[in-house]
Each structure stands twice: as structure tokens, then as C-alpha cells.
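Colleague: Would you mind keeping the following structure in view while I ask a few things?
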Amino acid sequence: MSTFANGEDSTRPHSPPIWLSSVYQCATPDQANELLAGTTAGYVYSRDGHPNSTRLANLCNKLHAAPRGVVTNSGMSALALALISQCRAGEHVLLSDQLYGCTAKLYINEASRWGLLCTVVNSLDPAAVAAAWTPSTRLLLVETITNPLLRVNDLPVLAELCHQRGGLLLVDNTLAGPLNCRPLDWGADLVVESLTKLMNGHSDVLLGYLGGTAAVWDRVPSALSTWGWTAPPFECWLAERGLATLRLRWQAATRNAHAVAAALENDNRIARVHFPGLGNHADAAIVQKLFTRAGMAHPHDPTTSLIPTGTLVAFDLRGGWDLASRFITAVAGGIPFCPSLGELQTTLSHPASTSHRGLSPAERARLGITDGTIRLSVGTEEPEWILEQLRGALGQLGG
Ligand SMILES: *Cc1c(COP(=O)(O)O)cnc(C)c1O
């Protein structure tokens, strides 16, 4: 009783509080000085960090086995933080030709105004990366699994290539996620996740994560605060709650993605299925090497032999824009058209009208994206239900 009278609690909340305070009280000028210098641990101003961002960053660091890491207010600001902290005007970066559209814009349209030089390369061909390297090249940016055709980059080969030339490898791991692949284990210097997607999983938060090695970390904390990319407490709290079920959601969605890909592969109404878990996938050998089965393994899990390859499946309808439009309308009652990914529920996207509308039809064709390409983000429902929705909609297309 007396503890409550003193304003102290005798028990601790099981669920973490949300620390909404923008500022923290300091006891003395000496303490403030030490806190701000970083010689004493603690919080002063929440743009520099707060308990909810620290908690979430620690959880992400653990998932990625990352020596250092911060959370940011979006996946894009995590990518911007990597760029701002590592590169300066006059330096050169190599960009994979299969990057998230906004990432390509960040480097090519924005950073180039500040004197950064960019070259786009086919990172699936390490020889092309080596040939494009210049003495001022600072880093290579690739995605573990690309969108929407789900090609897989050979991270250890690319990391070695960068390091031999004194450069860095930055990997956007959003489509794979840390239970599938930990890029730092494969030699990457920096890893980004859009926590908005699979990591949070509930479509109610925009957040990002940047993890890295100690060697590249010097400028990161200060750049995060000065550019103002700190993640807000409530969003961090929601994402921490989302992360609590990451393994369960990911296991269910991973198994479902395999089931959906296998079923569509055997459906003659589909022209082509793009899924890294199929034996005939162009990067099947890299998948075998890169993706860990550890997250799936459970003594009672009958699918422990399955190699997880992310939760996305893309497929090409036998037709173009009109057929895709009819399919999307027909399936909408069960599987909504949401141009994002990693949700609890199965969603779909149409790259030609959303993520890849900025490319010319010729550029899309070169990558292998047709107007009839549909990209599913497979969720956690019963696999039979997902297949019923897809088959029902395909059945309505006729012919
Ligand atoms: C969504 C996404 C991003 C951007 O993340 P936001 O949280 O939307 O800012 C970056 N890379 C990939 C691969 C993404 O899917």
C-alpha cells in the first residue's frame, strides 16, 4: 500500500506502455550534458530516441542478428538514412534494375540533385555489376527478392564483389523478411526492412528499419535525428505488437504461398507462375543457398522440409489489361486489390497499373511484366479458401 502512496507500482505492466512524452526531465546540468553527449544512457528528446523505438529496434536487431539498428518513420526514410549516412556528393552508387519504384526515384530523381551519381545495373548478373563499378562507387543497392517477378539476388557473391572493391552492399529485405533471410549473415553491410509490410503485418502502420555493422554506423544515429526520421511511439508500439506474431503469420503465409503457387502452376488458365519456391525458378539454386529453413522447423510441422521463399506469388493471366481487370473485379469479394504486401489477409496487386506504371511498356516487357501479371501477397487464411477465391474468379473469365 505504501508503494502506491509513494507513486511507485509494485507490479509491472505485461504489455509495454506507450511513452508519448516528447521530452524527458533532466536532474542536473551535469546529467543533461552526459545524456546528450551519450556518455550516460537515457532519453532527453524523443526525436533522438524513446523507449518504444529502442524496444522495436532491439527486436529487429535480434531478428537480423544485427550489431546496430534503428527504426524510422517509414521504409523510405530507412533507405534515405542509409543513403545520407553513407554517401556524399560526387560519389557513385549502383542500383539494381529491379528496385521498388520509390527507391529508384529516391536515388535517381532526388539524390542526383545533390550530386550523387547513379547507374542502374542488372544485379542478377554479378559480371554486369563488376563491369559498372567505378573508382568512386560507394555502394550497391539490391533487394533480396524483387517485386513483382520475385527474382532472388545472390547476396554473398554481391557482398564479396563490393568488398573487394572497397564498397558497401545495402540490401532491402522487405519481400523476404528476417525469418527467410538475414542479409548481414551473407556479408551485407546494411539491411533495410519496410516494417509497414510483413513485419508489422496488420496494415495499420508505416515504419522502417535500418540495421548494419558497427563499421558503417558512425553517422547513422545523428543523421536519423537531424533529418527528423524518428519513428513515433504509438507506431512503434503497434509494430511491436505485430512482431509478436511474425513467426506464426509468416509460417502460415509461407505454407500457403507454396500451396497457391503449386496449384496455379497446374492450372492451364495461367500462362506462367513466378515463385522462387518452384524448382523451375530461374534462381532456384540461390534460393537453396540463401533461404533458411530454421524458422519453419518444428517437430510437429509436417512441412519442415519446405524451403520458405517469401509470401508473394505472381502469375501471368493468358491476356492483357482487360482480362486482368475482369479477374480483379471477379475476385474482389474475397481477395482485395491493395497495392501493398505482407498483410494478414491475402491481397493482390496489378503491377502494370500500380508499382510499375512509371515504366514504359517496353521496360516492363524487358523485365517480364505483362499487363496480365497479377501479384498475390498470400495471407494466413486456410489455403483451400484462397484457392477457392482464385479458381472462382478464373472460372468467371470464360474461354
Ligand atoms: C513498401 C516498400 C518500401 C517502402 O516502404 P514504406 O514503408 O512504404 O516507406 C521499400 N522497399 C520495398 C521493397 C517495399 O515493398
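Bear in mind these aren't lab numbers, they're just calculated from the coordinates by the rules spelled out. The structure displayed is predicted, hence computed values, not measured ones. Using ideal geometry, Cβ is built from the backbone for each residue, glycine included, and neighbour counts are taken over all protein chains shown.
Colleague: So for the chain, averaging the separation of alpha carbon pairs under 8 Å that are six or more residues apart and normalising by length, what relative contact order in percent results? Working shown, then result.
Modeller: On the way: 752 pairs, mean separation 63.1, N = 399.
Value for the chain: 16 percent.
Colleague: Continuing with this model, one more query. Tell me, in nm to one decimal, what length is gained between Thr329 and Ala365 on full extension, where the rule is 0.36 nm per residue of separation less the Cα-Cα distance?
Modeller: Computed gain between Thr329 and Ala365 is 10.5 nm.
Colleague: Beyond 32 Å, what percent of the Cα pairs of the chain remain?
Modeller: More than 32 Å apart: 38 percent of the Cα pairs in the chain.
Colleague: Have a look at Leu278, Thr354, Met296 and report the one farthest towards the positive end of the charge dipole of the stretch 232-366, computed about the Cα centre with Cβ charges (Lys/Arg +1, Asp/Glu -1).
Modeller: Farthest towards the positive pole: Leu278.
Colleague: Collect residues whose amide H, placed 1.01 Å from N in the peptide plane, falls under 5 Å from the amide H of Arg272; neighbours closer than 5 in sequence don't count.
Modeller: Amide H to amide H, under 5 Å and 5 or more residues apart or across chains, Arg272 pairs with Asp316.
Colleague: Return, ordered by residue number, the residues of the stretch 360-388 whose backbone nitrogen is under 18 Å from a label point located 7 Å along Cα→Cβ of Asp267.
Modeller: Under cut-off, by backbone N: 370-388.
Colleague: Let me ask another. Quick one: which residues, 5 or more positions from Gly208 or on another chain, have an amide H under 5 Å from its amide H? H modelled 1.01 Å from N in the peptide plane, none for Pro or chain starts.
Modeller: HN-HN under 5 Å from Gly208: Thr72, Asn73, Ser74, Gly75, Leu195.
Colleague: Hey, what number do you get for the chain at 222 nm if only DSSP H runs of n ≥ 4 count, each worth -39500 (n - 2.57), divided across all residues, to the nearest 500?
Modeller: -10500 deg cm²/dmol
Colleague: Percent relative contact order of the stretch 149-221, based on C-alpha pairs within less than 8 angstrom and at least six residues apart?
Modeller: It comes to 25 percent, rounded to a whole number.
Colleague: Could you tell me which of rounded, prolate or oblate describes the stretch 312-399, using a ≥ b ≥ c as the square roots of the eigenvalues of the alpha-carbon gyration tensor, with rounded for a/c under 1.5 and, failing that, prolate when a/b is larger than b/c and oblate otherwise?
Modeller: Oblate shape, in that a/c is at least 1.5 and b/c is the bigger or equal ratio.
Colleague: I need the shape label for the stretch 122-212. Rule: rounded when a/c is under 1.5, else prolate if a/b > b/c, else oblate, with a, b, c from the alpha carbon gyration tensor.
Modeller: Prolate.
Colleague: What is the antiparallel percent of DSSP beta bridges lying wholly in the chain, to the nearest 5?
Modeller: 60 percent
Colleague: At q = 0.13, 0.14, 0.17 Å⁻¹, what is the log10 ratio I(q)/I(0) for the stretch 251-399, with the Debye formula run over Cα points and no solvent?
Modeller: Here the Debye-derived log intensity ratios amount to -0.58, -0.67, -0.98.
Colleague: Residue-wise, which Karplus ³J(HN,Hα) couplings in Hz belong to the stretch 17-26, taking 6.51 cos²θ - 1.76 cosθ + 1.60, θ = phi - 60°, and x for glycine or proline?
Modeller: x, 9, 8, 7, 4, 7, 9, 10, 7, 9
Colleague: If I require 24 Å or longer along the helix axis, counting alpha carbons, and a Kyte-Doolittle average no lower than 1.6, what helices from the chain are left? Use full DSSP H segments. Walk me through the intermediate numbers first.
Modeller: Numbers: long enough: 246-265 (28 Å, -0.03).
What comes out of the filter, once short or polar helices are dropped, is none.
Colleague: Something else: Using the Cα centre as the reference, give the magnitude of the dipole from point charges on the C-beta atoms of the stretch 40-166 (Lys, Arg: +1; Asp, Glu: -1; all else neutral), rounded to the nearest 20 debye.
Modeller: Approximately 380 debye in magnitude.
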